Amino acid sequence: MNPTTGDIIEGHHLLLHCRSGSHAYGLASERSDEDYRGVFGVRMESLLGLNHPTQLADARNDRTYYELGRFFELLGKANPTALELLGTTGEDVLYRHPLLEGLRAEEFLTKACRDTFAGYAITQIRKAKGLNKKVRNPVAPGRKGVEDFCYVIERGRSRPLREWAQERGVPLTELALAGVNHARDLYALYYDRGAGWAAGITRSENANAVAVTDVPKGEAPVAYLSFGQDAYSTYCRDYREYRAWERDRNDERYRGTLAHGQGYDAKNMMHTIRLLEMATEIFTTGHLNVRRPNRSFLLAVKAGDYPLSEVLRMADDRVEQLSRAAEASDLPERIDPHWLNRRLVGLRRRLYQPEG
């Protein structure tokens, strides 16, 4: 067993072991991590038993290995990771079992690659736009409340409720609201001047809407209040999403985003463009080229040398090129499932024959 696989697939059959990621693409730098992908065949007793592993990996997923059947399932779905693994060549192939010598990525290329490769790329384009928004417009940690989206309408103009109340020395707890017929999010505003019948415009700090009060008969409103319900709902959603992103983000990647100053994850966008170019080559040449010929350009994208608008334009252009190439291609629409199954059965028979 290759020593770099460690004990991850101990006891199983190692079939394919390759460098993956930036090293396989020819885009590695001194700081690039070493990632490995591979394929294994489970022990005979595992295959014949109730359960057998379909994927094995270390804690950080730096080393990931797919069971042969799972690998074929991914190939049949035009999964980019599986196709790249099978298409890895040269010194990046650390071990290839004789069983897989005749297996080539080109056998599994179909028009489904348009959706699998471009689908990931389009997802990353959306993420880039979302990240740019978060970087350029951070959401302050102090959560706003309903009162911050309320405006008092008085003498033909509106003012923020808090500003209006502070100017008059009016405690928010001594205010009350009553609904106005046929006027969405508009309320009559009352001030009880310490009489005790008002309950404030909300009932708790975590309220999601204003609250109305039974106003004593004869009381006159001091003004009218407009509540921006839609704006508040949007703010709450953005606040939750920002805090979740802030909690889960990769801080090292984020520091890199801040360092180049372009406001997007440059590494993700580099891989987006790489994938789109690889997919276009699949349809124009019929081959999968894992190692990239334009290292300098892709590393410039990774370094954040281009503004987001330019990177998005380049990505959009490549999406269009991919669509045109796919339309003109004579690749099959999809893999024949019967052919796929026969290939898998044949390989498994050869693998387990010595044990049979």
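The values are calculated or read from the model by the stated rules, or taken from the named source; none is laboratory data. Predicted, not measured: the structure shown is a model, and the values here were computed from it. As a convention, Cβ positions derive from the backbone with ideal geometry for all residues, glycine included, and neighbour counts pool all protein chains shown.
Odds and ends about this structure:
- Note on the stretch 27-43: among residues that are in contact (Cβ under 8 Å) with a residue 40 or more places away in the chain and surrounded by 15 or more Cβ atoms within 10 Å (Cβ to Cβ), the one that is farthest from LEU344 (Cα to Cα) is LEU27.
- Flag for ARG19 being under 24 Å from HIS271 (Cα atoms), free of Cβ contacts under 8 Å to residues at least 60 places away in the same chain and surrounded by fewer than 22 Cβ atoms within 10 Å (Cβ to Cβ): no
- Lone qualifier among ARG126, ARG104, ARG157 - being closer than 15 Å to CYS18 by Cα, surrounded by fewer than 15 Cβ atoms within 10 Å (Cβ to Cβ) and of a type in the set (Lys, Arg): ARG104
- Considering the conditions (1) modelled with pLDDT of 95 or more; (2) outside any loop (DSSP other than H, G, I, E, B), VAL290 is excluded by exactly one of them, (2).
- Index of the failed condition, ALA198 passing every other in (1) in contact with a strand residue (DSSP E or B) (Cβ under 6 Å, 6 or more places away or on another chain); (2) small (Gly, Ala, Ser); (3) not in a loop (DSSP other than H, G, I, E, B): (3)
Residue-wise test of (1) within 20 Å of ARG157 (Cβ to Cβ); (2) part of a loop (DSSP other than H, G, I, E, B); (3) in contact with a helix residue (DSSP H, G or I) (Cβ under 8 Å, 6 or more places away or on another chain).
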| site | (1), (2), (3) |
| --- | --- |
| THR173 | no, no, no |
| ASN208 | no, yes, yes |
| GLU219 | no, yes, no |
| LEU225 | yes, no, yes |
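- Restricting the first member to the stretch 179-204 and to residues that are in the same structural domain as VAL152 (by TED's automatic domain parsing), and the second to residues that are polar (S, T, N, Q) and in a loop (DSSP other than H, G, I, E, B), the beta-carbon pairs closer than 7 Å and six or more apart or on different chains are ALA198/THR213; ALA199/THR213.
- Count of residues meeting criterion [under 19 Å from ARG126 (Cα atoms) and in a helix (DSSP H, G or I)] in the stretch 297-320: 15
- Elements of the type helices (runs of 4 or more DSSP H) sitting completely within the stretch 1-96 and holding at least 1 residues that are within 29 Å of LEU299 (Cα to Cα): these cover 22-25, 68-76, 80-87.
- With respect to the conditions (1) among the basic types (Lys, Arg); (2) in contact (Cβ under 8 Å) with a residue 12 or more places away in the chain; (3) not in a helix (DSSP H, G or I), LYS127 falls short on a single one, namely (3).
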